[in-house]
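Note sheet for the following structure.
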Amino acid sequence: MPSEKNKEKLILETAASLFRSKGYLATRMEDVAKQAGISKGLTYFYFKNKEDLFLALTKKAFDQFKEVFREVKRMKGQSGLDQICELFVQINRFAEGNQVYYDSIIDFMDLMKKYNNPETREQIDPKILESVHFQKLLEIHHEAAKLGVLMISQGIKDGSIRPELQPEITFYTIWSMIIGYEKMRGPIAYDEKEIKISQESWEPGFIKLIKDMLRGTVQASKPVQVQGSLF
């Protein structure tokens with residue numbers, strides 16, 4: 001029997017497993033309790049409802065996602081551009097190995113679109129807005145991206161990224177491209193013959209495109225003024 005300290009972790013891990021196998025809509029709190037081997041009442045003690053549970057899982061996902069960024073940022077001897085390219089690889093590895101967590105991050109981004117618009121905020125389930133985990137997510141959901149911005153800033157400083165680029169705009173643009181890349185992997189794999197692209201060629205091609213977009217260029221020397229005719 002898990003200790004009190006580990007029961008919340010067990011519930012989250014069990015929920016992630018069920019969301020992966022059955023889907024969020026088909027999973028009930030009773031299913032989570034049964035598979036975790038604990039009472040339904042205890043499950044509700046830790047999480048008020050399934051929405052609260054999913055948001056807690058999303059908070060855990062953001063914490064793990066931030067650690068991916070931290071690990072890349074800690075790498076020694078790499079330029080800012082190298083770090084951004086490695087980040088692309090690691091984000092996709094994270095998505096492959098933790099699809100439920102990655103999807104919860106993307107779902108939260110979609111939720112934020114509704115939340116930021118007064119006209120659509122009222123469409124959000126009140127159970128979501130009342131969750132303590134939702135409030136925590138509002139506070140921390142930009143933390144990983146801040147590390148990405150630092151990578152761009154480092155690249156500008158070390159000369160591997162063009163100096164005229166604005167770090168925040170540049171990173172969020174690159175991140176939106178990475179999100180699109182991950183979403184398109186399924187269609188690419190299915191339609192390889194039609195679109196003449198393979199997963200094996202797309203990843204290095206994508207990295208090359210990032211490098212071409214961001215790479216610093218050799219600065220041109222000042223034009224030499226030609227002296228006019230003496231006559």
Region 63-88 residues that are closer than 15 Å to I178 by Cα and outside the structural domain of I161 (by TED's automatic domain parsing), paired with ones that are at pLDDT 95 or above and surrounded by fewer than 17 Cβ atoms within 10 Å (Cβ to Cβ) (beta carbon under 9 Å, 6 or more apart): none
Region 57-86, residues that are aliphatic (A, V, I, L, M) and more than 25 Å from I106 (Cα to Cα): M75
Helices (runs of 4 or more DSSP H) wholly inside region 1-112 containing at least 3 residues that are of a type in the set (D, E) and in contact with a Pro (Cβ under 8 Å, 6 or more places away or on another chain): none
Which listed residue, of I152, I156, is in contact with a strand residue (DSSP E or B) (Cβ under 7 Å, 6 or more places away or on another chain), farther than 16 Å from T58 by Cα and in a helix (DSSP H, G or I): I152
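Residues checked against (1) surrounded by 21 or more Cβ atoms within 10 Å (Cβ to Cβ); (2) farther than 24 Å from F134 by Cα; (3) under 14 Å from the mean Cα position of the chain (by Cα):
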| site | (1), (2), (3) |
| --- | --- |
| K9 | no, no, no |
| M29 | no, no, no |
| I38 | no, yes, no |
| F69 | yes, no, yes |
| L81 | yes, yes, no |
| Y101 | yes, no, yes |
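Take K59 and decide whether it is over 30 Å from S153 (Cβ atoms) and modelled with pLDDT of 95 or more.
No: the conditions fail for K59.
The values are calculated or read from the model by the stated rules, or taken from the named source; none is laboratory data. All figures in this text were calculated on a predicted structure; none of them were measured in a lab. Because the Cβ atoms are built from the backbone with ideal geometry, glycine has one as well, and the counts that use them run over all protein chains shown.
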